[in-house]
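The values are calculated or read from the model by the stated rules, or taken from the named source; none is laboratory data. What you see is a predicted model, and the numbers here were worked out from it, not measured in a lab. A quick note on method: Cβ atoms are made from the backbone with ideal geometry, for glycine too, and the neighbour counts reach across all protein chains shown.
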Amino acid sequence: MKKKFNLIIVTVIAFLSFIQSVNSEPMHGIAMHGEMKYLKNFKHLDYANPKALKGGHLKLAATGSFDSLNPFIIKGSPAVGRQYVFESLLGRVWDEPFSLYGLIAKTIEVPEDRSWVKFKLRSEAKFHDGVPISTDDVIFSWNLLKEQGRANMRLFYNKVSKAEKIGNNIVKFTFKKESLDRELPLLMGLMPILSKKFFDNVEFNKTTLNPILGSGPYKIKEVIPGRKIVYQRDKNYWGKSLPIRVGHNNFDLISYEYFRDTNVLMEAFKSGEFDLRPEYSASRWRSSYNFPSVKKGKVKLEEIPNKRPSGMKAFVFNTRKEIFKDIRVRKAIGYAFDFEWINKNIFDNVYKRTNSFFANSDLASSGLPSVEERELLNSIKQFVPQTIFTQKYRPQSSETNNEIRIGLRKANSLLEESGWFIKNGKRVKESKNGKKLNLQFEILLVNPDNERIALVFSKNLKKLGIDTRIRTVDSAQYQKRRQDYDFDMIINKWRVTLSPGNEQAYYWGSHAADEKGTRNYIGIKNQGIDKLIEKITKTKKRKELMVSIRALDRVLLHNFFVIPLYHIEFDRVAYWDKIARPSKTPIYGYVIETWWPKK
């Protein structure tokens, strides 16, 4: 009787699981959590102007250089502008936390458990050579990118167990059971679709300055290697009437000119050589935008509010280096960063100190853990610092000169506790073989604007007997060294969304620590963090997501992997009064693709 009852239970569970996996219908889009904002027959996005003028030439600038037009591989420094040339199955909108709508795919279909996803392709979707995009191209792109693509692509697309053609216009991806999470259908929707025919005669995994065939609103018109790239609007672009594209891609030409020096770039903007400049330097915003064209109203200065998470900009410890493996050393070094002095004397007090990896959002942790967070953290307590349960996180800082001295005394105690002592003005430690080790490291920079704060930081470190070298290199060398984790400390910014997911494994996951080209620059290998990331990707409700993200935030903060810097809650933009933007700004900030030329 008992065996029969157990058989009935197993049968019922299997039946319910089957019903869950087949209960689906084609939709015009998909949301990570909750409902989509835009209904099936929407006409255009709220932040786009359907009457925007077409024409003109939008001139933009970039720093550094480029040596490749292939943005899908780890090799080389690709030119900016991938979004103009290549399309994906679904397109993202910027006035929702994380929703996608049909682009190359007309519809998306997923079951309740999201164990697979089907995309029905639009018959009108074409590559720039006029050849229709087929299910063969979709499956080819998946195979190619999961084997030879960038590290995040390999991570995401290898969670697919099977890809199938269903008729001529439907492709189905089935996910590995051990990898199931709610975000995978969306990640497949964002996969760039490449031409199978084009790559029959072109090697994929190499840098190239020959344009790769795309299907987007622009084609590459001109390339001056390392210096300039020009995109030309495709007037026959198949997707220009789609609701998600109405009011977008309004300029006939978009060009990016590269400058190796930000000061030269600024002078070029003043003289009108390019049209728009986002400004990230508070001191430059305050002091360098009083030139005649601003006073005459020819150049507009705007601080455009946004409601996106600020992300984490920070000095980053490479914990692969022996000197940074001890949390006490990392915490001690953090006491030498004097944010209040820097904010007052360099930035005119315009910044807020960042105290969360998800600052400026409801995902940020604060105070002590909530009951729900505590319960989750208790499940991984053997992998997290115990201060997480008893102490509020506060980035080491100094509100007065006296406090910086107190902070440095705390730092000295932590360093001595970890075996580092001052001898002849140098912080040294005896190794196991009796040799003396010096506590010294290099701060690797790519942006000269960061040199001033690095110098202030370095002076305080010297008071602790710690020698630092500040080295600024060109963008190509910096990218190579960062990809190879060939650095002691860098300044990095991790950008996050209102709906974090699988990218967290790419940022902090143990697997990513050993693979070159990921964004786990810290070198984190922590089973507790891995478990939290897994939970984040499987949450079905927004509230559950918030609890998991805040718990992850606390673990990252209490390990003192980084020294947080600062942020603002708006975008500084200077632009010449020959271009215009929509009156409505989405939560993620302004979208340059929706701007247009004035008459």
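General observations
- Applying the criterion of being in contact (Cβ under 8 Å) with a residue 40 or more places away in the chain and crowded, with 17+ Cβ neighbours inside 10 Å to the residues of the stretch 135-149, the residue that is nearest to LYS197 (Cα to Cα) is ASP137.
- Residue satisfying all of: in the stretch 425-454; polar (S, T, N, Q) and within 29 Å of PHE339 (Cα to Cα); modelled with the highest pLDDT among these: GLN440
- Pick from the stretch 518-549, criterion assigned to a helix (DSSP H, G or I) and within 18 Å of the chain's Cα centre (by Cα), ranking: surrounded by the fewest Cβ atoms within 10 Å (Cβ to Cβ): THR537
- In the stretch 171-183, the residues that are within 17 Å of MET32 (Cα to Cα) form Cβ pairs under 6 Å with partners that are among the charged types (D, E, K, R) and outside any loop (DSSP other than H, G, I, E, B), at six or more places apart or across chains, as follows: ASP181/LYS538.
- Summed over the stretch 370-387, the residues that are crowded, with 18+ Cβ neighbours inside 10 Å and free of Cβ contacts under 8 Å to residues at least 24 places away in the same chain give a count of 0.
- Looking across PHE119, PHE66, one residue alone is part of a strand (DSSP E or B) and of a type in the set (Phe, Trp, Tyr). It is PHE119.
- Residue match in the stretch 83-105 (condition: farther than 18 Å from THR594 by Cβ, at pLDDT 95 or above and among the charged types (D, E, K, R)): no
- Members of the stretch 420-453 found to be assigned to a helix (DSSP H, G or I) and surrounded by 19 or more Cβ atoms within 10 Å (Cβ to Cβ), listed by number: ASN450, ILE453
- Note on the stretch 454-490: residues that are surrounded by 15 or more Cβ atoms within 10 Å (Cβ to Cβ), within 19 Å of VAL329 (Cβ to Cβ), touching a residue at least 24 places away in the same chain (Cβ under 8 Å) and not acidic (Asp, Glu) total 12.
- Counting only strands (runs of 3 or more DSSP E) that fall entirely inside the stretch 224-318 and contain at least 1 residues that are among the aromatic types (Phe, Trp, Tyr), the qualifying elements are 228-233, 253-259, 312-317.
- If you go through the stretch 566-595 and pick out every residue that is of a type in the set (Ser, Thr, Tyr), over 12 Å from ARG277 (Cβ atoms) and more than 24 Å from the chain's Cα centre (by Cα), you end up with 1.
- Residues of the stretch 234-276 classified as without any contact (Cβ under 8 Å) to a residue 40 or more places away in the chain and either closer than 30 Å to HIS44 by Cβ or hydrophobic (A, V, I, L, M, F, W, C) (or both), total: 7
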